[in-house]
Amino acid sequence: MSRILLHLRGIGVTFGGRPILENAELAVAEGERVALVGRNGSGKSTLLKIAAGMIEAGKGERWVQPGATIRYLPQEPDLSAYKTVLDYVESGLGPADDPHRCTYLLRELGLTGEEDPKRLSGGEIRRAAIARTLAPQPDVLLLDEPTNHLDLPAIEWLEAELKSLRSAFVLISHDRRFLQSLTNRTVWLDRGESRRLERGFAGFETWRDEVLAKEEAEQVLLAKRIEAEEHWMRYGVTARRKRNMRRVDLLATLRKERKEHEGQQGAVRMAATSGGMPGKLVAEAKAMSKSFGERPIVSNLDLLVMRGDRLGIAGPNGAGKTTLIKLLTGVLEPDSGAIRLGTNLQTVTLDQSRQSLDPNATLADVITDGRGNSVTVNGGTKHVVSYMKDFLFPPDKARTPVSVLSGGERGRLILARELAKPSNLLILDEPTNDLDLETLDMLQEMLADYPGTILLVSHDRDFLDRVATSVLMAEGDGKWTEYAGGYSDMVTQRGTGVEVRKAKAEPAKASSAPKAEAPQARRKLSFKEKHALETLPATMKMLENEIGTLEAKLADASLFARDPKAFDRAASRLTAARDELANSEEQWLELEMKREMLEG
C-alpha cells in the first residue's frame, strides 16, 4: 500500500458567516495524481492553501509525512521582492536541491532568468512560478490552475513534464484534456463536503451524474415517506385513539431531513441575444498581409468566413491571433491585399481579460450598463435579479462590487453582460479562463444553438474540439492554414499541434531548410506507442468479455433483492469497464492513424 504523504481531515472553513467547507477531506499518497474539482466558489483554492499550510482551517486536522516536501503554485504569484526571475526561482530551492534545474526549467519555458520581474507579462509570471514550483522536485505538488495564461506549446510541455515527475500532485484546472491526461484520482468538492473517486478525471463526469441521479431518487423516496406518514397522522385509526409518539417523532425527523437537504447548485442558463440576420458573407480576405516592422503577422492570406461558421484560431503566444481578429473584423487595415466585410454585422466580443470591468461597479450596474433594473434578452424584458440567477448569482449579490468577485465569478459576469447584447458575430478571446467545468458545458451548448458566426481564440484543446468547425493555424512567418474540424482533427491532418514560435534571431540557413524535415525527423512510433498499439486489441477484447459477463449478471432480476452489495459492485464495475473500453478504443484509433501517417 502506498505511503500517505499528506492528509486533511474534517476540514471546515467559514467566510462571512457562510460555511465554505464542512468536514472536507483530502488524502494524497505516493504516486497519486489527484484532480480537485468543483464549482467556482466551492472552496477548491481554499482547500489547496490549507494543504500547503498557507492558511489554517476553522476546524479539522492537517498531517504531513515527516520529511515530505510540498510545493504550492498559486494563481497570482508575487515576484515583487526579487531583482531577477532566476532569484525568484532559486528562492524555492531546499539545501539539497540542484540549482541547475532552475536554469533548465526557465530555458524550457522560454525565459533566461535575467528578466526584471516588474516587466513580465501575465504569461511570463506564470512560467516563472511554474519553474519555481517544479525545480525542487518535491514529494507533493499543489497546482492551482497551472495552465492559466499559458499558450498551447507551454501547456503541452507542462503536461509532459508532470508526467515524467515522480512527485504526487493535486491539480485544479478547467482544462479537461489536461486533467484527463494527468490524473488517476478525483476529489469532488460539492456543497462543502468532499467525495473521492478512485479514478482519474476521465471517469468523473459519468460518476458525478450517477451520484446526483441517486441523490435525486432518494429525495423523491423521502417525499413519498413523508406523504405516507402525514396520511397516517390524519387518518390512521391509532392516531385517532392515542398519539403514537414513535411515529410522530419519525415524521418530524423526515421533515427535518428534507428541510436540511441542500440540493445541487442550479445550472447556468445561457442564451445569446440574437441580432438581425447578416448576409451569407461575414468576411473575405484576399492576399491580405500585415506586418509590424520587419515581423510579418499575416502574409498573403486568403480566407472566407460565411454565416454560421465556427472558426477556431490557434497558435503560440506572439503569433498574432489578436491582430488577425482585428483584421477580420475591420478594426485594423491590412498593409496589402483586401478584406471585405459582410452587411448588417452586429459584433460582440467576450473580453476575458476582464479589463473592461470597473472594480467599483456593482453586478447589477455592469449587467444593465447602469440603466435601471431590467435587461432585454431576445426581445423580452427581464429584471436584472432574475437574469443574474441564470448565471448563478444570488439576489443578495446585486449590489456587490466587482472588486470582491473571484476570477470565475468575473468570468460569469462578463458572459452575462455580453450575451444580453444583440449579435450575429461572437468574438471569443480565451473564454474558458477561470470558468468551472459546468459553466463551460453550458457555454458550449449555448454556442451550439447560436445562429450567428463565431471567431474563437483558445488554448483549450477540448473546447476547440467541441466548438470549432475549422481551425486557422499559425504556421510561422505570417503564414496561416485552415484545417477542417477541431484541434484534434488539425493535429491529425498537420502531423503536429501548436509549436513554439521561432526566435527572431534564428539563423537564416535554418529557415531556408525544407519545412518537411521537421516532421520527418521521426518516421516511426516510439517504443511505448508501438507496445500500446500491439497490446490494446487484447485489452479491448478482455474488457468486452468482462462487460458481457457483467451485463448478464445484472440481467438477473433477483440479484438486487438477494445481494444488493453485489449488484452495486457489478453496476459500478460495468460503468468503469465501459469507460475503459471507450478510452482504449480512442487511444488505439489515434495510434493507428498516427502509424499510417508516419509510414505512408
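The values are calculated or read from the model by the stated rules, or taken from the named source; none is laboratory data. Remember, it's a predicted structure, so these values are computed and weren't measured experimentally. Don't worry about glycine lacking a Cβ; one is built from the backbone with ideal geometry, like all the others, and counts go over all protein chains shown. For accessibility, only protein heavy atoms count, side chains too; no ligands or nucleic acids. Shrake-Rupley method; radii C 1.70, N 1.55, O 1.52, S 1.80 Å.
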- Between residues in region 412-437 that are at pLDDT below 85 and residues that are among the charged types (D, E, K, R), which pairs lie under 6 Å by C-beta distance while being six or more apart or on different chains? Thr432/Asp460; Asp436/Arg39
- Specify which of the listed residues (Ala51, Ala24) is under 25 Å from the mean Cα position of the chain (by Cα), of a type in the set (Gly, Ala, Ser) and modelled with pLDDT of 95 or more. Ala51
- Task: Output the residues belonging to region 438-448 that are under 22 Å from Asp489 (Cα atoms), touching a residue at least 24 places away in the same chain (Cβ under 8 Å) and open to solvent by 10 Å² or more (accessible area, probe 1.4 Å).
- Result: Glu445
- Does region 529-539 contain any residue that is over 28 Å from the mean Cα position of the chain (by Cα), surrounded by 13 or more Cβ atoms within 10 Å (Cβ to Cβ) and modelled with pLDDT of 80 or more? yes
- Among the residues of region 393-404 satisfying the criterion of being within 24 Å of the chain's Cα centre (by Cα) and touching a residue at least 24 places away in the same chain (Cβ under 8 Å), which is nearest to His174 (Cα to Cα)? Phe393
- In region 540-553, the residues that are open to solvent by less than 40 Å² (accessible area, probe 1.4 Å) and in contact with a helix residue (DSSP H, G or I) (Cβ under 9 Å, 6 or more places away or on another chain): Met540, Leu543, Ile547, Leu550
- Within region 373-389, tally of residues that are open to solvent by less than 40 Å² (accessible area, probe 1.4 Å) and either of a type outside the set (Gly, Ala, Ser) or not in a strand (DSSP E or B) (or both): 6
- Does region 354-362 contain any residue that is buried (at least 16 other Cβ atoms within 10 Å of the Cβ) and without any contact (Cβ under 8 Å) to a residue 24 or more places away in the chain? no
- Message: Anything in region 1-21 that is farther than 18 Å from Val404 by Cα and modelled with pLDDT under 85? List them, or say none.
- Response: Met1, Ser2
- Query: Can you tell me which residues in region 134-159 are over 21 Å from Glu430 (Cα atoms) and open to solvent by 10 Å² or more (accessible area, probe 1.4 Å)?
  - Reply: Pro136, Gln137, Asp139
- Query: So is Ala510 at pLDDT below 75, out of contact with any strand residue (DSSP E or B) (no Cβ under 9 Å at 6 or more places or on another chain) and more than 30 Å from Phe201 (Cβ to Cβ) or not?
  - Reply: yes
- Query: Which of (1) more than 31 Å from the chain's Cα centre (by Cα); (2) modelled with pLDDT of 80 or more; (3) open to solvent by 70 Å² or more (accessible area, probe 1.4 Å) does Arg569 not meet, given it meets every other one?
  - Reply: (1)
- Could you pull out the residue among Leu304, Leu328, Leu350 that is surrounded by 17 or more Cβ atoms within 10 Å (Cβ to Cβ), at pLDDT 90 or above and either closer than 27 Å to Leu152 by Cβ or touching a helix residue (DSSP H, G or I) at 6+ places or on another chain (Cβ under 8 Å) (or both)? Leu328
- Message: Considering only residues that are assigned to a loop (DSSP other than H, G, I, E, B) and buried (at least 23 other Cβ atoms within 10 Å of the Cβ), which ones fall in region 403-432?
- Response: Asn424, Pro431, Thr432
- Message: Criterion first (in a loop (DSSP other than H, G, I, E, B), charged (D, E, K, R) and over 17 Å from the mean Cα position of the chain (by Cα)) does Arg166 satisfy it?
- Response: yes
- Message: So for region 204-212 (the condition being touching a residue at least 60 places away in the same chain (Cβ under 8 Å) and surrounded by 20 or more Cβ atoms within 10 Å (Cβ to Cβ)), does at least one residue qualify?
- Response: yes
- Note on the structure: Given the conditions (1) closer than 22 Å to Ala27 by Cβ; (2) open to solvent by less than 10 Å² (accessible area, probe 1.4 Å), every one holds for Leu165 apart from (2)
- Task: Provide a single number: the residues in region 96-114 that are acidic (Asp, Glu) and open to solvent by less than 40 Å² (accessible area, probe 1.4 Å).
- Result: 0
- Out of curiosity, is Ser274 under 21 Å from Glu333 (Cα atoms), surrounded by 12 or more Cβ atoms within 10 Å (Cβ to Cβ), among the polar types (S, T, N, Q) and modelled with pLDDT under 95? no
- Give me the pairs, please: first residue somewhere in region 93-109 and touching a residue at least 12 places away in the same chain (Cβ under 8 Å), second residue anywhere and in a helix (DSSP H, G or I) and of a type in the set (A, V, I, L, M), beta-carbon distance under 6 Å, and either six or more positions apart or on two chains. Cys102/Val89; Leu105/Ala131; Leu105/Leu134; Leu106/Ala131; Leu109/Ala131
